[in-house]
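K.L.:
Once you've had a glance at the structure underneath, I'll fire off some questions.
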Amino acid sequence: MEEKIRLAAFQWLKEQVALHGDIIPRTLLEQGFYYNGQRITLIGPQGIWKPKVFEKIPLSITTVYNSPYDDSISGDGSFTYRYRGTDPFHRDNVGLREAMKRQIPLIYFFGVVPSKYHAVWPVYIVNDNPNTLSFTVVADDMASIHNYLFENKTELISEDTQNALRKYITSTVKNRLHQKAFRERVLLAYKQQCAFCRLKHALLLDAAHIIPDGEVLGDPIVNNGLSLCKIHHAAYDSDIIGVTPDYKIEVREDILHETDGPMLKHGIQELQNTKIILPHDKKAWPDRERLEIKYSRFKQTG
């Protein structure tokens, strides 16, 4: 029974992501779905969540936005998930330990902004670390569910190959998580509007890096981001538009003198010497050092 509900939860999550995108509101996860007349919730007040119909093993684990717990993404291609409390034998910790022994797949909800989560599934507990009061968690692909359903089947890949595959998948998940969180946090800081033109349609907005991802200072943090509509994002990345360290917009000189219809005139040229829209919270304002580096590149292209 539990395995069928667990699989139904995975399918329900897949459907919700198709409907709502990768970032899911907490209210939807708390509401859950019905299975044979029973409501199955996917998240709850505790980070380690077990629906009432489950006997011992949880369905999901959660790290909330700005969590006080030191959950982290390790350098070895895994996640570190802290025990509930300090008692290794708390029922929630015992449940995760049992999931590890039986290699039962779980869902991991990462809080990217308040009350919104990026869901990763399936994930597996692969190590118990009582000295640090933590578990080691890795992600896998849906093909791994076959092992869960058919525990006695002959292994088709070696343990080393499986470990390498899980590390690769987890690293991919980590990168995707960072970018999803970056977008949500930047758009939230700018109140879901373009910092250049005030466009407020979220589907048309991006979180633009000031310093590109992968470069020194290219961290996926709000201070390295601007909320921009797709046209202004492309113009900023291609150095058609620049932003000074004093938050003033400049348009490349040759573009200012072009004639090419209303989009160029009203969408680009009229931005010259205007100020960008800044977040209400000064802590979220673009970092001046990063703006200076990007602005110097803009000037070189002009």
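K.L.:
Place +1 on the Cβ of every Lys and Arg and -1 on the Cβ of every Asp and Glu in the chain, take the dipole about the Cα centre, and give the residue among Ile23, Leu133, Thr41 whose Cα lies farthest towards its positive end.
P.N.:
Toward the positive end, the furthest listed residue is Thr41.
K.L.:
On to the next question. Could you give the size of the charge dipole of the chain about its Cα centre, using +1 on the Cβ of each K and R and -1 on the Cβ of each D and E, expressed in debye and rounded to the nearest 20?
P.N.:
920 debye
K.L.:
What does the charge dipole of the range 160-302 about its Cα centre add up to, to the nearest 20 debye, if the Cβ of each Lys and Arg holds +1 and the Cβ of each Asp and Glu holds -1?
P.N.:
660 debye
K.L.:
Enumerate the calculated ³J(HN,Hα) couplings along the range 269-276 in order (Karplus 6.51 cos²θ - 1.76 cosθ + 1.60, θ = phi - 60°), each rounded to whole Hz, writing x wherever the residue is Gly or Pro.
P.N.:
4, 6, 7, 3, 6, 8, 9, 6
K.L.:
Which Cα, out of Gln192, Val243, Ser227, lies furthest along the positive dipole direction of the range 192-301 (beta carbon charges, K/R +1, D/E -1)?
P.N.:
After comparing all options, I get Gln192.
K.L.:
Tell me, how many Å apart are the Cα centres for the range 287-302 and for the range 87-108?
P.N.:
After rounding, the separation between the Cα centres reads 49 Å.
K.L.:
Which of Gly267, Leu204, Ile61 sits farthest toward the positive end of the charge dipole of the chain, with +1 on the Cβ of Lys and Arg and -1 on the Cβ of Asp and Glu?
P.N.:
The listed residue farthest towards the positive side: Ile61.
K.L.:
Something else about it: Connecting C-alpha atoms closer than 10 Å in a GNM of the chain, tell me which of Leu205, Leu165, Leu59 has the biggest fluctuation.
P.N.:
Its mean-square fluctuation being the largest, the pick is Leu165.
K.L.:
Do me a favour and compute the ellipsoid semi-axes for the range 192-301 from its Cα gyration tensor, root of five times each eigenvalue, largest one first, whole Å.
P.N.:
So the equivalent ellipsoid measures 21, 17, 12 Å along its semi-axes.
K.L.:
Which of (i) 23.1, 72; (ii) 19.8, 60; (iii) 18.1, 56 is the computed Rg and Dmax of the Cα atoms in Å for the structure on display?
P.N.:
(i)
K.L.:
Go ahead and set up a Gaussian network model of the chain, Cα springs under 10 Å, then flag whichever of His233, His266, His118 fluctuates most.
P.N.:
Among His233, His266, His118, the largest GNM mean-square fluctuation belongs to His266.
K.L.:
Compute the length gained on full extension between Asn163 and Glu270: take 0.36 nm times their separation in residues and subtract their Cα-Cα distance, giving the result in nm to one decimal.
P.N.:
Difference between extended and current length: 33.0 nm.
K.L.:
Stretched out fully, how many nm does the piece from Lys14 to Lys101 gain, at 0.36 nm a residue minus the Cα gap?
P.N.:
28.7 nm
K.L.:
Would you order Trp12, Trp49 from fewest to most other beta-carbon atoms within 10 Å of each residue's own beta-carbon?
P.N.:
By the 10 Å Cβ count, ascending, the order reads Trp12, Trp49.
K.L.:
Can you tell me the length gained on complete extension of the stretch His280 to Phe54, counting 0.36 nm per residue apart and subtracting the Cα distance?
P.N.:
Here the answer is 76.9 nm.
K.L.:
In whole Å, how far is the Cα centre of the range 174-217 from that of the range 240-271?
P.N.:
Centre-to-centre distance over Cα atoms comes out at 21 Å.
K.L.:
Greater than 21 Å separation of Cα atoms is the criterion. Which listed pairs, Lys116/Lys200; Lys56/Lys167; Lys116/Lys191; Lys180/Lys248, meet it?
P.N.:
Over 21 Å apart, Cα to Cα: Lys56/Lys167; Lys180/Lys248.
K.L.:
Same structure again: What number, rounded to the nearest 500 deg cm²/dmol, is the helix-based mean residue ellipticity at 222 nm of the chain, given -39500 (n - 2.57) per DSSP H run of at least four residues and division by all its residues? The partial results should precede the final answer.
P.N.:
Details: 8 runs with 99 residues, N = 302.
My calculation for the chain gives -10500 deg cm²/dmol from helical runs alone.
The numbers here are math on the coordinates, done by the rules we state, and not lab data. Remember, predicted model here, so these are calculated numbers, not experimental data. When we count neighbours, we look across all protein chains shown, and the Cβ atoms used for this are built from the backbone with ideal geometry, even at glycine.
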